[in-house]
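Okay, structure first, notes after.
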Amino acid sequence: MFTEVLSQKQLTGATRTVLVVEADPQLRKSMSVQFERMKFHVLSASHYDGAVHHLASADLHVVCVDVQLPSKSGYELCEHIRGSLGLVELPILMTSEYGSPEEMAYAERAGGNAFLHKPFSMRQLANCIESLLRPTDWNSPPVHELQLPASTAVRSAPRIGAKGVGAIAA
């Protein structure tokens, strides 16, 4: 008798995979629940080494990285993703309790595509992720020229793509 083993992705109907790297266990759980509602397969880690393990073994569509991770920072993880792993097309959302212009600029230099200031709502998270994953139509106006809902707290950061650098959201 043949028995088919279904993966978690097949059971949930997930078509995309997200890696949530968040030090706060409650926020990590809330984010994971939101992504499951959005039909994502969710992988999570609370620190740099756990994230690197998932990065080496998973086919990811987007990564959410907390800047304040224990041991190594979210900036270092972002630099690892872009540099050592060469994943220049993988969208990265950086999150932090500190939203100074300097911190956002550092996140941009590390390779982040977007920055979300904590605390944020799950709706803001969903809006930001959907904008990061929206296919780019190079004939349409840049996203920073589009009107986003006032509740969307996405900061402008470059998106590195096959056709160059463009703004994600304002």
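Listed values, structure above:
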item	result
Nearest-0.05 FRET efficiency for T15 and Y98, computed from C-beta distance (R0 25 Å)	0.15
Percent carbon-and-sulfur accessible area, the stretch 47-111, ignoring ligands, DNA and RNA, probe 1.4 Å	53 percent
Calculated FRET efficiency for the pair R123/A56, C-beta based, R₀ 22 Å, to 0.05	0.10
Pairs of alpha carbons in the stretch 37-125 whose separation is greater than 19 Å (percent)	35 percent
Gain upon complete extension [L133, Q68; 0.36 nm per residue less C-alpha separation]	21.0 nm
Förster radius 22 Å - calculated FRET efficiency between E89 and D49 (Cβ-Cβ, nearest 0.05)	0.40
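The values are calculated or read from the model by the stated rules, or taken from the named source; none is laboratory data. Please read these numbers as outputs of a predicted model, since none were measured by experiment. So basically every Cβ, Gly included, is an ideal-geometry build from the backbone, and we count neighbours across all protein chains shown. Accessible surface is based on the protein model in full, side chains and every heavy atom, while ligands, DNA and RNA are left aside. Shrake-Rupley method; radii C 1.70, N 1.55, O 1.52, S 1.80 Å.
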